[in-house]
1. Looking at (1) assigned to a loop (DSSP other than H, G, I, E, B); (2) within 15 Å of residue 186 (Cβ to Cβ), can you tell me which one residue 109 breaks?
2. Quick test for you: out of 155, 149, 142, 95, pick the one residue that is closer than 18 Å to residue 181 by Cβ and crowded, with 18+ Cβ neighbours inside 10 Å.
3. Mind checking which residues of the stretch 144-190 are assigned to a helix (DSSP H, G or I) and farther than 24 Å from residue 213 by Cβ?
4. Identify all residues within the stretch 112-121 that are closer than 17 Å to residue 72 by Cα and either assigned to a helix (DSSP H, G or I) or out of contact with any strand residue (DSSP E or B) (no Cβ under 9 Å at 6 or more places or on another chain) (or both); write none if there are none.
5. Restricting attention to the stretch 82-95, does a residue exist that is in contact with a strand residue (DSSP E or B) (Cβ under 8 Å, 6 or more places away or on another chain), assigned to a loop (DSSP other than H, G, I, E, B) and under 27 Å from residue 227 (Cα atoms)?
6. In the stretch 68-77, what residues are closer than 24 Å to residue 227 by Cβ and either touching a helix residue (DSSP H, G or I) at 6+ places or on another chain (Cβ under 9 Å) or surrounded by fewer than 24 Cβ atoms within 10 Å (Cβ to Cβ) (or both)?
7. In the stretch 199-215, how many residues are within 16 Å of residue 109 (Cβ to Cβ) and out of contact with any helix residue (DSSP H, G or I) (no Cβ under 9 Å at 6 or more places or on another chain)?
8. Do we find that residue 124 is buried (at least 20 other Cβ atoms within 10 Å of the Cβ), in contact with a helix residue (DSSP H, G or I) (Cβ under 9 Å, 6 or more places away or on another chain) and either in a loop (DSSP other than H, G, I, E, B) or touching a residue at least 40 places away in the same chain (Cβ under 8 Å) (or both) in this structure?
């Protein structure tokens, strides 16, 4: 049963992580671009949750992947590539060390640290938050995840540790070669603890939200559109081609 659930989760993960975001564009060297590079994308529903641990829809996934980035990203072949972590090592696929980019920052200019990931992953499995993707931590094999979800252990017992500001240690229950692929799932994206503490559930409002992805949330009109603008603090901002992104809800009239 566990093997079946793991395979099912990985299949579902592949469906989700392959959703397109507005981050990247291939530009031929020497091409002259217009000063404004804007894109309009249609989504089939108004995004309900922009909190990575609460998202259950495809529309939300599009936006969240523009606003946040995890330890790893994904290339066109679906293989893990550096995200916030520019490299990683593992001891037998059970203990993993992720080394974060020194220039990784939140959209308010604060550094993204290993402690941010510890906070965010604990928040994912915390029973108080009732995240629909908390079970991903169990399927990933993170030590004590299921016991924490079952309220049998405190969140501090989760197998994730900040060795220093730029080194994250993850301990699994048993070797899991597929764990690295799971780190690209949005439920494992970091969120800003200070902002959540300050604004509570309203931390995802356009004037409050602080992310670490290529774009920032600049405007949102419920049921109509979402407008994104480049995050100048993003570690790879120089390769962000778009100057603005629009996501508009597709309206069907009978």
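1. (2)
2. Checking each option against the conditions leaves just 142.
3. 145, 146, 147, 148, 149, 155, 156, 157
4. 114, 115, 116, 117, 118, 120, 121 - these are the residues of the stretch 112-121 that are closer than 17 Å to residue 72 by Cα and either assigned to a helix (DSSP H, G or I) or out of contact with any strand residue (DSSP E or B) (no Cβ under 9 Å at 6 or more places or on another chain) (or both).
5. So far as the stretch 82-95 goes, yes, one or more of its residues are in contact with a strand residue (DSSP E or B) (Cβ under 8 Å, 6 or more places away or on another chain), assigned to a loop (DSSP other than H, G, I, E, B) and under 27 Å from residue 227 (Cα atoms).
6. 68, 70, 73, listed by residue number.
7. Number satisfying all stated conditions: 0.
8. yes
The values are calculated or read from the model by the stated rules, or taken from the named source; none is laboratory data. Keep in mind that this is a model prediction, so the values were computed, not measured. We place every Cβ from the backbone using ideal geometry, glycine too, and count neighbours over all the protein chains shown.
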